[in-house]
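Chemist: A single structure is presented below for examination.
The values are calculated or read from the model by the stated rules, or taken from the named source; none is laboratory data. Everything numeric in this text was worked out from a predicted model, so none of it was measured. For neighbour counting, all protein chains shown are included, and Cβ atoms are generated from backbone atoms with ideal geometry for every residue, glycine included.
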């Protein structure tokens, strides 16, 4: 639950309506999506809308003229969306990752072409003809593609990752952080040692410790933002010069 939920509910109906209109306008500007959001089938959109709402509430003095209890025409929101853009500090690679939410492994022996794009960013598994044949044949069913997803997303922000399909390749990459930060690459170990079993982006939503990554929840693995045990996180890395 967001720490701003109670504040939102305490607003009078007209002010809440104005906030909803402003949130909708900024959401459309950010995503290009104009339909009605279904929280069950479009959780990524619902989460993003909530984050926009919470940012508006956190910076409500900046948006005061749009939060007056009056009906405001959508075309008058251009300046407000510009203000919001200046406030948004979400790393570009997180924006890229969020746009991939729901991408999942294909059923059976088929391959999802999008996931194959992630995998093909990893050069260490394409060094020999045998490796290339394996990747082409097995795809996401034979490659643990969490590291590939991180590489692909960073590439969308013009950042060169490890180009390695091993989650452990991130443990010495970039700058080490002492704790979680939105956009950080987090290395996880499911055992008692420091063997790296999974890697994903830190995507803290409303103060929760959530991981945005590939090959996560869902049949066959998918891109998702899910809560992970914080005590399994063994390393936090930040892109160099980012």
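Chemist: Can you name the residue in region 32-44 that is under 20 Å from residue 223 (Cα atoms) and in contact with a helix residue (DSSP H, G or I) (Cβ under 7 Å, 6 or more places away or on another chain) and is also modelled with the lowest pLDDT among such residues?
Modeler: Taking the candidates together, the pick is 44.
Chemist: Right, another one. Quick one: which helices (runs of 4 or more DSSP H) lie wholly within region 28-130 and hold at least 2 residues that are more than 24 Å from residue 180 (Cβ to Cβ), more than 20 Å from the chain's Cα centre (by Cα) and without any contact (Cβ under 8 Å) to a residue 60 or more places away in the chain?
Modeler: 78-87
Chemist: Hey, residue 197 hits all of (1) within 17 Å of residue 147 (Cα to Cα); (2) without any contact (Cβ under 8 Å) to a residue 24 or more places away in the chain but one; which does it fall short on?
Modeler: Only one criterion is unmet by residue 197, namely (2).
Chemist: Cβ contacts < 8 Å: first residue in the same structural domain as residue 123 (by TED's automatic domain parsing) and at positive phi, restricted to region 158-183; second residue crowded, with 17+ Cβ neighbours inside 10 Å and assigned to a helix (DSSP H, G or I), any location; separation 6+ or different chain. Result?
Modeler: Correct list of pairs: 163/151; 183/93; 183/94.
Chemist: Okay, next question. Can you tell me which residues in region 166-175 are within 8 Å of residue 238 (Cβ to Cβ) and surrounded by fewer than 19 Cβ atoms within 10 Å (Cβ to Cβ)?
Modeler: 175 - this is the single residue of region 166-175 that is within 8 Å of residue 238 (Cβ to Cβ) and surrounded by fewer than 19 Cβ atoms within 10 Å (Cβ to Cβ).
Chemist: Residues being within 22 Å of residue 92 (Cα to Cα) and either more than 18 Å from the chain's Cα centre (by Cα) or part of a helix (DSSP H, G or I) (or both): count how many of those fall in region 143-159.
Modeler: 11
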